[in-house]
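The values are calculated or read from the model by the stated rules, or taken from the named source; none is laboratory data. All values reported here derive from a predicted model rather than from experimental measurement. Glycine also receives a Cβ, built like all others from the backbone with ideal geometry; neighbour counts cover every protein chain displayed.
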Ligand code: NDP
Ligand code: GDR
């Protein structure tokens, strides 16, 4: 019989890639989606065909990580072999605005699922994956960060995820459940939410390239991150649940870049050479040269990047760099997609979208560019 997986956060970046992977592997996939006033399933619409017909192996259930009875009922009905808890209020900056909600969803949400497994006596049959994060390291205590590096979260998001990390460990140790944490460093893709820094950069520069926006406003350009590709990282989420014993793993590339370098690489993909002028809040990215056809609306001397302090955070995570040696040794994992390849894919995808909008604009249609 096909294995059955339940994914929270299936409408998000990772949930969509993980659903594809599990369907390819022959799983029956169930996902929890939130009720919204408009459709919110665009990342998985290609998997979900006709709700009236026999729908292959893919099922969606309405639910919310704040709703205990709903979660328990879904777990009871689905009887999953594997639960992937990817659902979260996942934006670090937003967590400063909504700390209590973030704690409820990201912290207690994990507890609700683990309790459902315990209450329904699924502990022997069902394996649990918790989407933990490099944000646990926050103010870093060791470089690079590995499984034994002490945690020091720097945001309500990080603190909520710290609870989820430890309650997962606690249920494993208390009840012998197969429950584990993937401590994933930042991972990106063309499906990344538009307000995370990488997608904000690739989308913003693509819009500038075709004249839909004049300038990209950024926060801390000096922040350093270890960026991988979401497709590589969801493969690890699955692999972690296929081991003999549950264990927590760091998943990272082991290579670090600054936000400024990411901007430069994305600009390069568009044929734009940038130089930086000023520093701190006054810093600007000025166009030095433009080559090729990809950026018809950009000219030498244009200021296309500027710092706006509204994007600074009350407490910042300045630097993250992971050591994935244990995952490589135990699971044979090697990330396949480099940062350069990923930036090219993201810029390509956002440029195609920007060109579609520009075409509509050029034919007299009103085009609204949504920004944060
Ligand atoms: P996204 O923000 O793209 O997706 C989050 C998902 O959670 C969406 O499906 C969202 O639904 C859902 N969600 C939000 N609130 C609730 C709620 N109250 N109840 C149920 N579902 C909810 O995140 P990613 O795919 O990037 O990340 C997946 C997980 O991995 C998250 O837990 C994140 O914190 C964690 N993580 C991510 C990393 C990364 O770099 N991407 C790194 C380390 C950890 P909707 O679509 O309706 O908003
Ligand atoms: P992060 O990702 O906070 O690491 O959390 P994000 O892309 O939001 O920020 C990365 C770094 O870039 C700096 N930055 C900006 N960030 C945003 N969003 N917008 C800006 O304009 C901007 N300018 C500079 C930030 O200050 C930060 O230092 C992500 C999320 O996916 C979490 O859910 C996940 O747990 C962690 O990655 C690992």
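Quick look at the values:
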| quantity | calculated |
| --- | --- |
| From the options 103, 110, residue that is within 16 Å of ligand 2 (Cβ to nearest atom), part of a helix (DSSP H, G or I) and surrounded by fewer than 23 Cβ atoms within 10 Å (Cβ to Cβ) | 103 |
| Residues within segment 345-357 that are closer than 12 Å to residue 188 by Cα and surrounded by fewer than 22 Cβ atoms within 10 Å (Cβ to Cβ), tallied | 1 |
| Cross-chain or 6+ apart pairs with Cβ under 8 Å, segment 350-372 first and on the phi < 0 side of the Ramachandran plot, then modelled with pLDDT under 95 and not in a helix (DSSP H, G or I) | 357/367; 357/369; 358/367; 360/367; 361/367 |
| Among the candidates 91, 30, 46, residue that is surrounded by fewer than 23 Cβ atoms within 10 Å (Cβ to Cβ) and more than 16 Å from ligand 2 (Cβ to nearest atom) | 46 |
| Qualifying residue in segment 74-83 (condition: in contact with a helix residue (DSSP H, G or I) (Cβ under 7 Å, 6 or more places away or on another chain), surrounded by fewer than 18 Cβ atoms within 10 Å (Cβ to Cβ) and within 28 Å of residue 159 (Cα to Cα)) | no |
| Members of segment 273-289 found to be in contact with a helix residue (DSSP H, G or I) (Cβ under 7 Å, 6 or more places away or on another chain) and not in a strand (DSSP E or B), listed by number | 281 |
| Residue in segment 11-26 that is in the same structural domain as residue 165 (by the TED database), over 23 Å from residue 186 (Cα atoms) and touching a residue at least 40 places away in the same chain (Cβ under 8 Å) present | yes |
| Residues of segment 123-156 satisfying the condition of being within 15 Å of ligand 2 (Cβ to nearest atom), touching a strand residue (DSSP E or B) at 6+ places or on another chain (Cβ under 8 Å) and outside any loop (DSSP other than H, G, I, E, B) | 129, 130, 131, 132, 133, 134, 136, 145 |
| Any hit, segment 264-272, residues being away from ligand 1 (no atom under 16 Å from the Cβ), under 29 Å from residue 92 (Cα atoms) and either more than 29 Å from the chain's Cα centre (by Cα) or surrounded by fewer than 16 Cβ atoms within 10 Å (Cβ to Cβ) (or both) | no |
| Some residue of segment 173-193 being within 16 Å of ligand 2 (Cβ to nearest atom) and closer than 18 Å to residue 314 by Cβ | no |
| Yes/no for residue 301 being in a strand (DSSP E or B) and either at pLDDT 95 or above or surrounded by 14 or more Cβ atoms within 10 Å (Cβ to Cβ) (or both) | no |
